[in-house]
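S.K.: Pasting a structure here, questions to come.
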Amino acid sequence: MPEGDSVHRLAARLRSTDGALVARGELRGGPDAGATVVGRRILAHATHGKHLLTRFDDGSTLHTHMRMTGSWTVTAAGRRLPVHAAREARVRMALDDGRTVWGIALPVVELLPTRDEHRAVGHLGPDLLHDDPDLDEAVRRCTADPDLPVRTVLLDQRRVAGLGNLWANELGFIRGLHPDRPIGSVDVPPLLETARRMLRHSATTPDAYQVTTGVLRRGERHWVVGRAGRPCLRCGTRVRARDDVEVVGSPPRRVWWCPRCQPAAV
């Protein structure tokens, strides 16, 4: 699933369409399937956590979320999507400059008044990628249930928005926190500051996207993610892994940790 830095990078790419007029297009998914977006000028692209907000000049906003299946692409004038991808398009916006914006296999597509964006993202915690996130509020939300495991708290978008499974695992390693350690025993402000720096670096630095070790070689880009049974890059201990079901009915999420660098005992 795309994480906050993924959507931040996506918005930066889509800002090349800001100011363009939608000459042809429609929504093909969600409660507003069939609605036209013709005649609307794209004003801006904003993000909150993993949510993308495309704002138009008529006071409306297109709210989308990629979850596990979605993607976006922009085709140049005279170019087309492959047939199989076009069939999966849930958003099509042909612009007045000849380009076309496609939202493919998006599970969430919703058109709403810009003034009501809070309906889509108001329940989320502060976004660490925003220029001035409310870190005090993020700390308050993260520490509201002190017995919860640190990993569970980091993955809860209502507490802090934008951190997904990769970041929850890598942050745990970098801060020396076992994934099951109670959040009440953790110094949360430095944890969130580290998360903020890592997300910002990943979202804005060329070639640094979701590279946590600083090494670009295959198999060495992450400290623990994807390294089950392999030596820890720091201490040589074999990295462990397990599958956790966070929500009944949802697919399990993989947990990785180094038992020496992230001891279970506080």
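The values are calculated or read from the model by the stated rules, or taken from the named source; none is laboratory data. As the structure is a prediction and not an experimental result, all values here were calculated from the model. Backbone-built Cβ (ideal geometry, glycine too); neighbour counts: all protein chains shown. Calculation scope for accessible area: heavy atoms of the full protein, side chains included, ligands and nucleic acids excluded. Shrake-Rupley method; radii C 1.70, N 1.55, O 1.52, S 1.80 Å.
S.K.: Can you list residues whose amide H is under 5 Å from residue 239's amide H, if they're 5+ apart or on another chain and H is modeled 1.01 Å from N?
M.R.: The answer is 229, 230, 232.
S.K.: Right, here's the next one. Amide H to amide H, which residues 5 or more places from residue 44 or on other chains are under 5 Å from it, using H placed in the peptide plane?
M.R.: Amide H to amide H, under 5 Å and 5 or more residues apart or across chains, residue 44 pairs with 55.
S.K.: In a Gaussian network model over the chain where Cα atoms closer than 10 Å are linked, find which of 60, 185, 202 has the largest mean-square fluctuation.
M.R.: Sorting by GNM fluctuation, first place goes to 185.
S.K.: Tell me, what % of the accessible area of the chain is carbon and sulfur with a 1.4 angstrom probe?
M.R.: On the chain, the fraction of accessible area on carbon and sulfur atoms equals 50 percent.
S.K.: Continuing with the same structure: Going through the stretch 1-81, which trypsin sites (Lys or Arg not before Pro) have at most 15 other Cβ atoms within 10 Å and a DSSP loop state?
M.R.: Answer by residue number: 67, 79, 80.
S.K.: Another question about this same structure. What list of ³J(HN,Hα) values in whole Hz, one per residue of the stretch 26-32 in order, does the Karplus curve 6.51 cos²θ - 1.76 cosθ + 1.60 (θ = phi - 60°) give from phi, with Gly and Pro shown as x?
M.R.: Calculated HN-Hα couplings, in order: 6, 9, 10, x, x, x, 9 Hz.
S.K.: Same structure again: Please identify which residues in the stretch 150-167 have an amide N closer than 11 Å to a label point set 7 Å out from the Cα of residue 44, following the Cα→Cβ vector.
M.R.: none
S.K.: Go ahead and set up a Gaussian network model of the chain, Cα springs under 10 Å, then flag whichever of 198, 93, 68 fluctuates most.
M.R.: Most flexible of the set in this elastic network: 68.
S.K.: Now for a separate question. Kindly give the semi-axes, whole Å and largest first, of the ellipsoid equivalent to the stretch 10-93, taking each as the square root of 5 times a Cα gyration tensor eigenvalue.
M.R.: 18, 16, 14
S.K.: Additional query: Add -39500 (n - 2.57) for each DSSP H run of 4 or more in the chain, then divide by its residues: what number comes out at 222 nm, to the nearest 500 deg cm²/dmol?
M.R.: My calculation for the chain gives -6500 deg cm²/dmol from helical runs alone.
S.K.: What is the set of long-range amide H partners of residue 104 at a cut-off below 5 Å, with H atoms built 1.01 Å from backbone N?
M.R.: Close amide H contacts, sequence-distant or interchain: 71, 72, 73, 90.
S.K.: Which three semi-axes in whole Å describe the equivalent ellipsoid of the stretch 146-235, each the square root of 5 times a Cα gyration tensor eigenvalue, listed largest first?
M.R.: Equivalent ellipsoid semi-axes, largest first: 22, 16, 10 Å.
S.K.: Compute the helix-to-body angle for 188-204: its Cα long axis versus the longest principal axis of the chain, expressed 0 to 90° and rounded to tens.
M.R.: 40
S.K.: Quick one: accessible area per residue over the chain, 1.4 Å probe, rounded to a whole number of Å²?
M.R.: Computed with neighbouring chains in place, this is 48 Å² per residue.
S.K.: While we're looking at this one, here's another question. Considering only the chain, what is the antiparallel percent among its DSSP beta bridges, to the nearest 5?
M.R.: So the antiparallel bridges in the chain amount to around 100 percent.
S.K.: Once you've got the GNM for the chain with C-alpha springs shorter than 10 Å, pick whichever of 189, 126, 179 has the biggest mean-square fluctuation.
M.R.: Result for the chain, Cα springs under 10 Å: 189 fluctuates most.
S.K.: For the stretch 107-186, place one equal point scatterer on every Cα, skip the solvent, and apply the Debye formula. What is log10 of I(q)/I(0) at q = 0.13, 0.25 Å⁻¹?
M.R.: For the requested q values the scattering log ratios are -0.46, -1.23.
S.K.: Subtracting the Cα-Cα distance from 0.36 nm times the residue separation, let me have the gained length for residue 260 to residue 116 in nm, one decimal.
M.R.: 47.1 nm
S.K.: Taking only the Cα atoms of the chain, how large is their convex hull per residue, in Å³?
M.R.: Roughly 144 Å³ of hull volume per residue.
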